[in-house]
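The values are calculated or read from the model by the stated rules, or taken from the named source; none is laboratory data. Only a predicted model underlies this, so the values are computations on that prediction, with no experimental measurement involved. Neighbour counts run over all protein chains shown; Cβ positions are idealised from the backbone, glycine included. Please note that ligands, DNA and RNA were not included when accessible areas were found on the heavy atoms of the full protein model with its side chains. Shrake-Rupley method; radii C 1.70, N 1.55, O 1.52, S 1.80 Å.
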Amino acid sequence: QVQLVESGGGLVQPGGSPRLSCVASGSIWSVEIMGWYRQAPGKQRELVAYIDSGDGTDYTDSVKGRFTISRENGKNTVYLRMNNLKPEGTAVYYCNARLAPYSDYRVYDDWGQGTQVTVSS
């Protein structure tokens, strides 16, 4: 069984630079892509950033130049450093991983429970 667990959310002042972490654990054979999504109140969930197994990355336009995604492949861990966080960054942030378990080697998308980030002074 695979589990994704996020950490690092909370109350952040505007301009702050928190770092989110997500660890994928369990019987994992491979992890292809890891990413972060967010869902603000009253809005749909959107992709924030992703990183593939070759460390290729992409970001949504609104965070380019401010957010950095990185991963530790041996630990199946992904990070999201959020610099100069703005109030519109308030959302639940979800970790996503496209992975294959040892049970059947079939690739699927798994999700964490989400971590709340609130940007407010």
> Does Val119 satisfy the condition of being more than 12 Å from the chain's Cα centre (by Cα) and aliphatic (A, V, I, L, M)?
Replying inline: yes
> Quick one: Trp29 ticks every box in (1) open to solvent by less than 60 Å² (accessible area, probe 1.4 Å); (2) farther than 20 Å from Val117 by Cβ; (3) of a type in the set (A, V, I, L, M, F, W, C) bar one, so which box is it?
Replying inline: (1)
>> Name the single residue that is nearest to Arg106 (Cα to Cα) among those in the stretch 32-49 being among the charged types (D, E, K, R) and open to solvent by 40 Å² or more (accessible area, probe 1.4 Å).
In response: Glu32
> For the stretch 63-100, which residues satisfy the criterion of being in contact (Cβ under 8 Å) with a residue 24 or more places away in the chain, surrounded by fewer than 17 Cβ atoms within 10 Å (Cβ to Cβ) and either over 27 Å from Gln13 (Cα atoms) or more than 15 Å from the chain's Cα centre (by Cα) (or both)?
Replying inline: Asn73, Lys75, Asn84, Lys86, Pro87, Glu88, Ala100
>> Which numbered condition in (1) surrounded by 14 or more Cβ atoms within 10 Å (Cβ to Cβ); (2) touching a helix residue (DSSP H, G or I) at 6+ places or on another chain (Cβ under 9 Å); (3) free of Cβ contacts under 8 Å to residues at least 40 places away in the same chain is the only one that Asp52 fails?
In response: (2)
> Could you give every pair whose Cβ atoms fall below 8 Å, whose first residue belongs to the stretch 103-118 and is more than 29 Å from Pro18 (Cα to Cα), and whose second residue is open to solvent by 30 Å² or more (accessible area, probe 1.4 Å) and part of a loop (DSSP other than H, G, I, E, B), counting only separations of at least 6 or pairs across chains?
Replying inline: Ser103/Ser27
